Amino acid sequence: MSTNKSELPTTRDVLSEHLYAAVKTLHPVSAGEVTGMLLEASDQEILNMLQDRHVLKERVDIADRVRNTKNPVYSEDTCTSSMELRSSSISGEREQLGEIVFQKVLAIESNSDMCAQITGMLLELDSTVVSQLLTSEDDLRSAVDKARGEYLEQLNQSVQVEHTVEEIGEKLYATACRKYPDYADRITGMLLEIPMDNLIHLLDDSDELNRKIEMAVEVLCDKQS
């Protein structure tokens, strides 16, 4: 008797059934919805939840709080729960929330290094905002695009600064080398400790630049004496 392979349950199906059964013992009212949120994790992560009930409970609690943020019921108990979430998310649960955010972002940004950077930027937001992003794919995608743009801009500015420092260093070295070739390297290093804005102005003022060079030489000579 032949068996149709397409009818055999996949690993994901088996894990889903076991996960639902485990979640139902902790959160019977919304087990289906909470399970659906947890199934966004990888098979290995789901297996870890099934093997460690403490991990499962933490993930269920986070998913339930995210679900409540999406569908808030305002009462004294829920307000207290919300306050507890804000304070506790900064500590232990922040790590679990970070894993959930990372998996969500990874589905949008395939580059793992960029994904890690974006996840870190999103986790700097208030936990309530992060929870809201997890309930809306459109909002999360917009936040990811914005974070990616800001990170690339910072990266570009950093590269520009590096190039600027290199160019200024070359000009300082050339000026110092004309008068003190033996000390040019060390003079340049000392001058590069001056704030960038002051260095830029210094290059436009030859008299002041020469004065700084002479001061640097005096310091070097004093050290040698």
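Quick notes on this structure:
- Pairwise label distance in nanometres, ALA116 with LEU220, each label 7 Å out on the Cα-Cβ vector: 4.1
- Set of aspartates and glutamates near LYS223 by C-alpha distance (under 17 Å), chain-local residues within fewer than 8 positions excluded: ASP182, ASP185, GLU214
- FRET efficiency, 1/(1 + (r/R0)^6) with R0 22 Å, evaluated for ARG12 and SER136 via beta carbons: 0.35
- Debye-formula intensities of the range 172-225, expressed as log10 I(q)/I(0) at q = 0.12, 0.20 Å⁻¹, are -0.23, -0.64 (one equal scatterer per alpha-carbon, no solvent).
- Global form of the range 125-223, assessed from the alpha-carbon gyration tensor, a/c cut-off 1.5: prolate
- Spacing of the two label points (7 Å from each Cα toward its C-beta) at GLN96 and LEU192, in nm: 4.8
- Estimated FRET transfer efficiency (GLU167, SER206; beta-carbon r; R0 22 Å; 0.05): 0.80
Every number in this text was worked out from the coordinates using simple rules, so none of it is lab data. Only a predicted model underlies this, so the values are computations on that prediction, with no experimental measurement involved. With ideal geometry, Cβ positions are generated from the backbone for all residues, glycine too; neighbour counts draw on all protein chains shown.
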